[in-house]
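These notes are about the structure you will find just below.
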Amino acid sequence: QVQLVESGGGLVQPGGSLRLSCAASGSIFSIHTMRWYRQAPGKQRELVAAISSGGSTNYADSVRGRFTISRDSAKDTEYLQMNSLKPEDTAVYYCNADIQSRRYGGLVGYWGQGTQVTVSS
């Protein structure tokens, strides 16, 4: 079994910052690409940022320059540092990771339960 657990969401004022974390646990052999998605009310889920096992990153145009994705291989954890937050960033944020487990040979995409981020005055 593999699980992803997000933390760090909450309420913040416009212009503020939050740092999300996502810890993977279970029978993990290796973690490949890790990602953050978000879904706002009435909208489709969108990719926010991604980071490869080698550290290469990609960002959605809407967050580039404000958000930073990172990972700590020793802790099997990914992070999303969010600065200069806008009301438009309000959404449920989900972590995602492509993982090889010790009991399953293929690469499988796993999802966290989501954490609410609300940007409001």
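Sort out for me the Cα centre separation of segment 42-69 from segment 80-102, rounded to whole Å. Distance between centres, Cα-based: 8 Å. What a 1.4 Å probe finds exposed on the chain is 45% carbon and sulfur by accessible area, rounded to a whole percent. Note on Arg66 and Gln1: with the Förster distance fixed at 35 Å, the Cβ-Cβ geometry gives a FRET efficiency of about 0.50. Leu107 sits among other residues whose Cβ lies under 15 Å from its own Cβ, and their net charge, with Lys and Arg +1 and Asp and Glu -1, is +2. Taking 0.36 nm per residue of sequence separation and removing the Cα-Cα distance, the Arg19/Glu46 pair yields an extension gain of 7.9 nm. Summing Lys and Arg as +1 and Asp and Glu as -1 over all other residues whose Cβ lies under 12 Å from the Cβ of Ala24 gives a net charge of -3.
Relative to the current alpha-carbon distance between Ser56 and Gln116, full extension at 0.36 nm per residue lengthens the span by 19.0 nm. Based on protein heavy atoms only, the chain ends up with 54 Å² per residue of surface accessible to a 1.4 Å probe.
The values are calculated or read from the model by the stated rules, or taken from the named source; none is laboratory data. From a predicted model like this one, the values you see are computed outputs, not experimental measurements. Positions of Cβ are backbone-derived with ideal geometry, glycine not excepted, and every protein chain shown enters the neighbour counts. The protein model used for the area step is the full one, side chains on, heavy atoms only, and it has no ligands, DNA or RNA in it. Shrake-Rupley method; radii C 1.70, N 1.55, O 1.52, S 1.80 Å.
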